[in-house]
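Worksheet: the structure to be examined is printed underneath.
The values are calculated or read from the model by the stated rules, or taken from the named source; none is laboratory data. Everything numeric in this text was worked out from a predicted model, so none of it was measured. All Cβ positions, glycine included, derive from the backbone under ideal geometry; neighbour counts span all protein chains shown. Just the protein is used for accessible areas: all its heavy atoms, side chains included, with ligands, DNA and RNA removed. Shrake-Rupley method; radii C 1.70, N 1.55, O 1.52, S 1.80 Å.
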Amino acid sequence: MVDCSVKLELPKWYDLHAHFRQGEIVAPLLKHHLRMGCAGVVAMPNTRPPVAKVFDSDDHPYESIERYLAALRPAGADEAFEVIVPLYLTRDTSARMIEQGVSSGLLRAAKYYPPHGTTGADQGWHLSGFMDNGVFRAMEEAGVLLCIHGEEHQMAAEQYFDRHTNAEAFFYRERMPRLLERFPRLKIVAEHLTTQVAVEFVHQAPDTVAASITPQHLIYTVGHLLQGLRYHLYCLPLPKFDEDRAALRQAVTATDNSKFFAGTDSAPHTEKVTSCGCAAGCYTGGIAPQLYAQAFEMAGSDLASEEGVDSFRRFLCLNGPRFYGLPIPKETFLLERAEQEITPLRLAGQEIVPLPVGMEGKGESPVSIPWRCLE
Ligand code: NCD
Ligand code: ZN
């Protein structure tokens, strides 16, 4: 029988992959993260223009880490809230940029996007470019972490999502082994994994490689997206098959998990359906630890048991900050197994539909999730 009165007190956690965009919407988005027990975030650089230079004084026509951090802070991310903004890697990124960024203390991580591979990835550049132009070498030497969106770009549609391969599986089979071979000391976060192939890659890789996993990829499969075309679940990498989800669930709930951690990929889209398709990204701000707890239970983890809570704590609160070299907060937050109703949101005058809304075929009417977060 399910014990309904479960309450978990956990150290505040870090969301090591989330999108906060720009302008008025930043403040309410950050507030949602604070409300779900977050001690800090990795704020992704796929803004417009992308955060592809470190200093504002640099002439390139990009946003800078310096300015983006300065915009996030007054919007709610004060000194006590850790914010890391990875540098968006483009064809203009140079080894010198990396070295100077590190000396200034502003540069701690950099992000590889497959060119045109996802929302805001049009300025990405091919992986071998950075392998040959000194950028990865400089990152390896200076200890700058590489965040990877691991999908092959420009694949033929037949291979992009096939029974035997897909953009992510190809990337982990073909690209990642070469990257590790050339840069054995480079610290790599394999972000938002969705396939068994990627999970196995991370398991057998040395300790320089760790991975983040989103709530949606633990809860759903591609069938949930296709049955009734629930486009609210459309995100990249695409959710995959049951055996892939099983591998992800197995990885996060393992009692000895030290490599897999939380990174929600929460991405607020104010317009999911557009004239040229569907915007990729799911919004889970405010409810991510709740969804992760739900996913752990769906995976068979007993969060009323010590063993279950231990593995949940490793995944949500410990593994990520350890890999990023961040302190484990002394402050805690509470999660309780009690239903919470989720409704569409109005943020800075715009509608955002949090993920589970729209997944039950009842339009955008409220849905319940089994956990809630106590402030
Ligand atoms: C992200 C977004 O909307 O910014 N979308 C997504 O589907 N995950 C971009 C990304 O991280 O791929
Ligand atoms: Zn993302």
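The table that follows gives values for the structure above.
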item	result
Identity of the residue in segment 306-345, among the small types (G, A, S) and out of contact with any helix residue (DSSP H, G or I) (no Cβ under 6 Å at 6 or more places or on another chain), that ends up surrounded by the most Cβ atoms within 10 Å (Cβ to Cβ)	G320
Index of the failed condition, V273 passing every other in (1) aliphatic (A, V, I, L, M); (2) at pLDDT 95 or above; (3) open to solvent by 20 Å² or more (accessible area, probe 1.4 Å)	(2)
Candidates L106, L146, filtered to the one that is among the hydrophobic types (A, V, I, L, M, F, W, C) and part of a loop (DSSP other than H, G, I, E, B)	L106
Hits in segment 358-375 (condition: in a loop (DSSP other than H, G, I, E, B) and modelled with pLDDT of 95 or more)	P370, W371
Residue in segment 94-104 that is open to solvent by 10 Å² or more (accessible area, probe 1.4 Å), in contact (Cβ under 8 Å) with a residue 24 or more places away in the chain and under 15 Å from M44 (Cβ atoms) present	no
Pairs, first buried (at least 21 other Cβ atoms within 10 Å of the Cβ) in segment 237-250, second among the acidic types (D, E), C-beta under 6 Å, six or more apart	P237/E151; P237/E168
Where a residue in segment 116-133 is without any contact (Cβ under 8 Å) to a residue 24 or more places away in the chain and its partner, wherever it lies, is open to solvent by 60 Å² or more (accessible area, probe 1.4 Å) and not in a helix (DSSP H, G or I), with Cβ under 8 Å and at least six apart	D122/H116
Residue list for segment 106-121, filter: more than 8 Å from ligand 1 (Cβ to nearest atom), buried (at least 20 other Cβ atoms within 10 Å of the Cβ) and within 13 Å of M155 (Cα to Cα)	P114
Count of residues meeting criterion [modelled with pLDDT under 95 and of a type outside the set (A, V, I, L, M)] in segment 51-76	3
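For every residue, the table says whether it meets (1) touching a Leu at 6+ places or on another chain (Cβ under 8 Å); (2) in contact (Cβ under 8 Å) with a residue 12 or more places away in the chain; (3) of a type in the set (D, E); (4) open to solvent by 10 Å² or more (accessible area, probe 1.4 Å).
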site	(1), (2), (3), (4)
L34	no, yes, no, yes
V51	yes, yes, no, no
D58	no, yes, yes, yes
R67	no, no, no, yes
